[in-house]
Amino acid sequence: MHQRSDVRRYVLLSLWSTVFLTGQATAQQLITIFPEPLSPRIANYDINVTLDDEAKRITGDMVITWNNPSDDTIADLQFHLYMNAFKNNRSTFIRELMHSSGVGSDSGRPRKSPWEKDAGWGWIRIDSMKVDGQDVTGDIAYIQPDDQNEDDRTVIRVPLATPIAPRATTTIELSFQAKLPQCKRRMGWWADDFFMMSHWFPKIAVYETPNMRYVPFDAPSGRWNCHQFHAATEFYADYGVYDVRITLPTKYVVGTSGLIVAERNNTDGTKTVVARAEDVHEFAWVADAQFKEALGQWRHPQTGRTVDIRLLYQPGHDAVVNKYINSTKAALEHVHGWLGDNAYPYPNVTVIDPRSGSSAGGMEYPTLITGGASWWSEELFGEGVRLVEMVTIHEFMHQIWYGIVGSNEFEEAWLDEGFTSYSDGRISAEQFGECTSTLNLWGVTVGGIGRRRSTYAGAISRDDAAMSDWTFSPWNTGVGRNLAYNKTSLMLVTLENHLGRERFDRIMRTYYQQWRFKHPSALDFVAVANEEAGEDLTWFFDQLLNEQISLDYSVASIVNLPLDKLEPGVPVDEYVDIEAEDDADSDGEDAEPDDAIHESTVVFRRVGQLVFPVETLIEYSDGEVVREIWDGRDRVKVFRVTHAGRVVRAAIDPDMRVPLDVNRLNNSMRIDPNTFVERKYAMKGMFWMQCLLELVSIGA
């Protein structure tokens, strides 16, 4: 951890100081982060906002410069008003949240809303709107494109008297105010002096043009993609430039997306924080009266390019400062080696350690991420639990798959959450070990793949939807999340093991480079995968994305028959199967010698519906091991062999290279009991009991 060596911040602060003294320049004139735009910059925002921390309100005015990306004449505009999701129990978000809580509970009854007190609710209202100088405030209408819930107020449509011409630029002037909700889901206030400000302003939707995502290439025109705020999904927006001025009491330490280029103290006990972000599709900010600050920097080992790391953390959390900063550096290091030298192009990243209990942790916004730490976890578990590291790496990787590759998270959250989950598992395994990247405590170890498998495979509802279904559409919000996070990450690990890391990495690198600062769909990813793999993987993706099925292979049976029992004249009732052999061996009578010639049958079974090539293993009593690849298409695969010795073990996917397999307990079979596992966990049980007794004795 060290102070910044880059002089950019000093120069920017000097320039802005001059501005506030002279008042003769604008942010656009003074600072350019990227000499050449990285994105199309379709939606650009200039925002002034004031926070009243006592009333828990914000008031703001803004100018949106929107560039029509199409050859269409556009007759209306559509906007998100996300904060109205917290307005009352009738919003679509709250209804979905309460129903999903109910169906996921033992009682089966809908649970209460987290926002039960009047002070906890929030809303946003547009007071005035002009489009190219024409007042359209009276024409604003709420629409519900997803569920026709007339009580939902999270999307508006604004018809235009003068349509926007093809490829033209329009100017939208807005004034708005909002009552902030209590922060129990991503945004709002907590404990009176902590504010998480995400999705806090009216935001224009994405206009999708023909041949973009799922708009047919021969469609007569494009269309607005503007979903309501849902419980199971996140966000989708166009890239642009944000110039934001935030006025709030001087006691607050502020972190924002982009660069904070100035802070000015006002005469009324407030200050104005000035920030600019380029080539992003969201702007978030955090204000906390008790933040402490730590600084770090990552330097590219070859190019020397630097990324400044600013950590804002809670008092008493000094023990996790290095965890946050080092995890961010590890993610930066890995992603640049994996996806390209300029994979993270921004000059800085802000890491937030949010207020305990605020539900603001574990979230991602462009160049700003939130983690989560607690003093008791560090005191009790120390390095044994990698929660801070895991969350930090995960949220940073959202900068790639959410921030730079702009997938539609309402519809295909797996293209972000799943890719991010795969990435955090990969980086954590590199840093902390494949099997210990999540937990390594008291003899218990958990890796990233194991954590994802337990959640995915353990869900009864894992086949209740397909990954191609819009993420918010399943009956239970947990279904979409399980598919987006867990099934997708396991799918990618399975594909990586199938193709080999070199080919797999070529797919991911090309996809990232080709679709950065654009809006891809599943079709685009599959097209890249087929091209870079050098083979048609449609058979794989059609099953994983479009069908409600799971993968499960098992060893069904092993039978060993000594050849001398098959000689003419031997009665049928003297045939020996596996159970008879086990009984004979256990009694020590009539056991066949291991070197006798046996005719053996091993049966492998495809229990699940998903078809995938798997490796089979057969081990003989003389130590010989035979491995073969089974294409997995038939329901049953029978191996019948004659061998000097009997089959003692059979396994399917013996090296566990197919983590999509939902039941690994049926993946192997032995004809003799294996007492190693019993002894292993008996010893661990004794160890845990000893630790417990020591703890009790200390307390006494």
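Whether any residue in the range 238-250 is surrounded by fewer than 21 Cβ atoms within 10 Å (Cβ to Cβ), in contact (Cβ under 8 Å) with a residue 60 or more places away in the chain, aromatic (Phe, Trp, Tyr) and part of a strand (DSSP E or B) is what I want to check. There is no residue in the range 238-250 that is surrounded by fewer than 21 Cβ atoms within 10 Å (Cβ to Cβ), in contact (Cβ under 8 Å) with a residue 60 or more places away in the chain, aromatic (Phe, Trp, Tyr) and part of a strand (DSSP E or B). Give me the residue from the range 159-174 that is among the hydrophobic types (A, V, I, L, M, F, W, C) and surrounded by fewer than 14 Cβ atoms within 10 Å (Cβ to Cβ) and, out of that set, farthest from the chain's Cα centre (by Cα). Restricting to residues being among the hydrophobic types (A, V, I, L, M, F, W, C) and surrounded by fewer than 14 Cβ atoms within 10 Å (Cβ to Cβ), the top hit is Ala161.
Taking the range 372-432 as the region of interest, the helices (runs of 4 or more DSSP H) fully inside it that hold 3 or more residues being under 22 Å from Asn342 (Cα atoms) are 387-398, 419-432. With respect to Gln144, determine if the residue is farther than 29 Å from Ala231 by Cα and either surrounded by fewer than 18 Cβ atoms within 10 Å (Cβ to Cβ) or of a type in the set (Ser, Thr, Tyr) (or both). No.
Inside the range 140-194, residues that are assigned to a strand (DSSP E or B) and among the charged types (D, E, K, R) make up a count of 3.
Tell me whether the range 301-311 contains one or more residues that are farther than 21 Å from Leu259 by Cα, modelled with pLDDT under 95 and under 21 Å from the mean Cα position of the chain (by Cα). Checking the range 301-311: not a single residue is farther than 21 Å from Leu259 by Cα, modelled with pLDDT under 95 and under 21 Å from the mean Cα position of the chain (by Cα). Within the range 171-209, the set of residues being under 30 Å from Asp71 (Cβ atoms) and of a type in the set (S, T, N, Q) comprises Thr171, Thr209. Glu54 falls short on exactly one of the conditions (1) within 32 Å of the chain's Cα centre (by Cα); (2) not in a strand (DSSP E or B), and that condition is (1). Of the listed requirements (1) crowded, with 23+ Cβ neighbours inside 10 Å; (2) in a loop (DSSP other than H, G, I, E, B), Val286 misses just one: (2). Screening Gly340 against (1) surrounded by fewer than 18 Cβ atoms within 10 Å (Cβ to Cβ); (2) on the phi < 0 side of the Ramachandran plot; (3) touching a Lys or Arg at 6+ places or on another chain (Cβ under 8 Å) leaves a single unmet condition, (2). Residue pairs whose Cβ atoms lie under 9 Å apart, separated by 6 or more positions or on different chains, with the first residue in the range 118-141 and free of Cβ contacts under 8 Å to residues at least 60 places away in the same chain and more than 24 Å from Ser91 (Cβ to Cβ) and the second basic (Lys, Arg) and part of a strand (DSSP E or B), are Val136/Lys130. Among the residues of the range 297-320, the one identified as part of a helix (DSSP H, G or I) and crowded, with 20+ Cβ neighbours inside 10 Å is Val320. When the test is whether a residue is surrounded by 21 or more Cβ atoms within 10 Å (Cβ to Cβ), more than 26 Å from the chain's Cα centre (by Cα) and part of a strand (DSSP E or B), Ala262 passes it.
For the range 175-194, the set of residues classified as under 30 Å from Val136 (Cα atoms) and within 28 Å of the chain's Cα centre (by Cα) consists of Leu180, Pro181, Met187, Gly188, listed by residue number.
Would you pick out the residues in the range 433-461 that are outside any loop (DSSP other than H, G, I, E, B) and either aliphatic (A, V, I, L, M) or more than 21 Å from Val662 (Cα to Cα) (or both)? Leu439, Asn440, Leu441, Val444, Val446, Ile449, Ala457, listed by residue number. Taken together, the criteria place Pro40 among residues that are at pLDDT 95 or above and farther than 30 Å from Leu248 by Cβ.
Within the set of pairs 6+ apart or on separate chains, which have a first residue in the range 521-538 that is of a type outside the set (Asp, Glu), a second that is at pLDDT 95 or above and loosely packed, with under 13 Cβ neighbours inside 10 Å, and C-beta atoms under 6 Å apart? From the range 521-538, the pairs are Asn530/Asp536.
Residue-by-condition table, conditions (1) surrounded by 20 or more Cβ atoms within 10 Å (Cβ to Cβ); (2) outside the structural domain of Arg125 (by TED's automatic domain parsing); (3) not in a helix (DSSP H, G or I):
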| site | (1), (2), (3) |
| --- | --- |
| Pro35 | no, no, yes |
| Leu38 | no, no, yes |
| Arg41 | no, no, yes |
| Gly60 | yes, no, yes |
| Trp66 | yes, no, yes |
| Ser70 | no, no, yes |
| Met83 | yes, no, no |
| Ile94 | yes, no, no |
| Leu97 | yes, no, no |
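Out of the range 351-362, which residues are in contact with a helix residue (DSSP H, G or I) (Cβ under 8 Å, 6 or more places away or on another chain) and at pLDDT 95 or above? Selection gives Val351, Asp353.
For the range 479-515, the set of residues classified as touching a Leu at 6+ places or on another chain (Cβ under 8 Å) and of a type in the set (D, E, K, R) consists of Lys487, Arg509, listed by residue number. Residues that are within 21 Å of Met197 (Cβ to Cβ), of a type in the set (A, V, I, L, M) and within 11 Å of the chain's Cα centre (by Cα) were ranked within the range 361-411; the one that is surrounded by the fewest Cβ atoms within 10 Å (Cβ to Cβ) is Val391.
Take Val576 and tell me if it is in the same structural domain as Leu660 (by TED's automatic domain parsing), farther than 30 Å from Ile460 by Cβ, at pLDDT below 90 and among the β-branched types (Val, Ile, Thr). For Val576, the condition - in the same structural domain as Leu660 (by TED's automatic domain parsing), farther than 30 Å from Ile460 by Cβ, at pLDDT below 90 and among the β-branched types (Val, Ile, Thr) - is met.
Is it the case that Phe541 is in a loop (DSSP other than H, G, I, E, B) and either at pLDDT 95 or above or touching a Lys or Arg at 6+ places or on another chain (Cβ under 8 Å) (or both)? No; evaluated as a whole, the condition is false for this residue.
The values are calculated or read from the model by the stated rules, or taken from the named source; none is laboratory data. Everything numeric in this text was worked out from a predicted model, so none of it was measured. Note that each Cβ is placed from the backbone with ideal geometry, even for glycine, and that neighbours are counted across all protein chains shown.
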